[in-house]
Amino acid sequence: MKPSVFDYFVPTSVTDAISLLVEHCGEAKLLAGGQSLVPMLNFRVLNPQALIDINRISELDFVSEGEESIRVGALTRHRVIETSPLIAKHFPILPAVMKHVAHLAIRNRGTIGGSFAHADPAAELALMGRLLGAKILTRSPSGERSIEASDFFVSAMTTVLEEAELLCEVEFPYLPENTFWGFEEFSLRSGDVAIAAAAVTVTLSDGRCEQCRIAVIGGETAIRIPQAEGLLNGNKLSQDAIAAAAKTAGEAAPWNVDQHASSELRHQLVEVLTQRALVKAWQRSEGQS
Ligand SMILES: Cc1cc2nc3c(=O)[nH]c(=O)nc-3n(C[C@H](O)[C@H](O)[C@H](O)COP(=O)(O)OP(=O)(O)OC[C@H]3O[C@@H](n4cnc5c(N)ncnc54)[C@H](O)[C@@H]3O)c2cc1C
């Protein structure tokens, strides 16, 4: 199918893009990489009166290294996140995870802002946002907002973004020293969307787990699982402790049911993937991975 007729605008600044959003009062859509939006237009799931193409807003296209965090502009392509030496230096988990996002052609176009705003329950970048405690910076006619990832994603395809609000950047605070990571995903074929995934970081001090983070894909939106993290915090890592945390993770939520998997299958996948991810992080801490 072809999309309905729409007006097309190409602003070159955030201010102009926001003015256009205001002018069209909820009847316009922002176009970033187009990898999710264009299929929805073609299938006429969405019929906006106007498309506001933000690809020429150069102020949204950057990766910068600050004192306490890395800031990634909304227009940064998935492929840049996958290949940026700066990102790899501070967050080696990100390039590894990005390889699971669709296929290269899609990663060349898709953007971090588009992925966060689209809020697909299986999106790996949303998972990273939750795991790494990202902050989302936005602008609208009411001003700027900094939103914790934990508050940003509401449910499947739903965020707290308002009608005339533009996602400008995502900020990833640095992890403490001695932090190790693991990531495991299950999909039907390479490049397919995740049926479930688990991402963890483990910060060690004197051989004990000072802080563990566990985030998973499998429900309405990516979530952290504090009750599983609590079983490891303050303790030495062991096969038994990891198995107990993984079991708790599997039981943590009513997982999605769809054409790919039942809730019970996702429950089992979350448990197994969390266990594997924690073991990988542990192996990395011992220089084995
Ligand atoms: C075949 C296929 C497989 C895919 N597989 C995966 C996968 O495995 N994992 C995964 O995570 N993703 C996957 N995707 C989605 C892909 O990562 C998209 O690029 C991403 O979801 C949307 O990013 P985009 O830049 O293309 O956004 P667009 O499609 O341009 O926009 C998506 C939505 O976000 C809004 N938007 C865009 N930018 C902003 C902004 N700065 N501020 C506010 N709103 C904004 C748009 O208005 C629109 O509603 C897949 C896509 C395809 C086509």
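Of note:
- Search result, residues across the stretch 177-202 that are surrounded by fewer than 20 Cβ atoms within 10 Å (Cβ to Cβ), in contact (Cβ under 8 Å) with a residue 24 or more places away in the chain and near the ligand (Cβ under 10 Å from one of its atoms): S187, G191, V193
- Note on the stretch 143-176: among residues that are in contact with a strand residue (DSSP E or B) (Cβ under 8 Å, 6 or more places away or on another chain), of a type in the set (D, E, K, R) and outside any strand (DSSP E or B), the one that is surrounded by the fewest Cβ atoms within 10 Å (Cβ to Cβ) is E162.
- Condition check for K247: touching a residue at least 60 places away in the same chain (Cβ under 8 Å) and not aliphatic (A, V, I, L, M): no
- Number of positions in the stretch 95-104 that are touching a residue at least 40 places away in the same chain (Cβ under 8 Å) and surrounded by 15 or more Cβ atoms within 10 Å (Cβ to Cβ): 4
- Pair list, Cβ under 8 Å, 6 or more apart: the stretch 117-136 residue among the hydroxyl-bearing types (S, T, Y), other residue within 10 Å of the ligand (Cβ to nearest atom): none
- Note on the stretch 14-29: among residues that are of a type in the set (V, I, T) and touching a residue at least 24 places away in the same chain (Cβ under 8 Å), the one that is farthest from the ligand (Cβ to nearest atom) is V22.
- Taking the listed residues G219, G234, the one that is surrounded by 19 or more Cβ atoms within 10 Å (Cβ to Cβ) and modelled with pLDDT of 95 or more is G219, with no other qualifying.
- Residue within the stretch 31-41 that is closer than 17 Å to R139 by Cβ and surrounded by fewer than 21 Cβ atoms within 10 Å (Cβ to Cβ) present: no
- Tallying residues that are in contact (Cβ under 8 Å) with a residue 60 or more places away in the chain and among the β-branched types (V, I, T) within the stretch 250-271 yields 1.
The values are calculated or read from the model by the stated rules, or taken from the named source; none is laboratory data. Everything numeric in this text was worked out from a predicted model, so none of it was measured. Quick reminder, even Gly has a Cβ in these numbers, built from the backbone with ideal geometry, and neighbours come from all protein chains shown.
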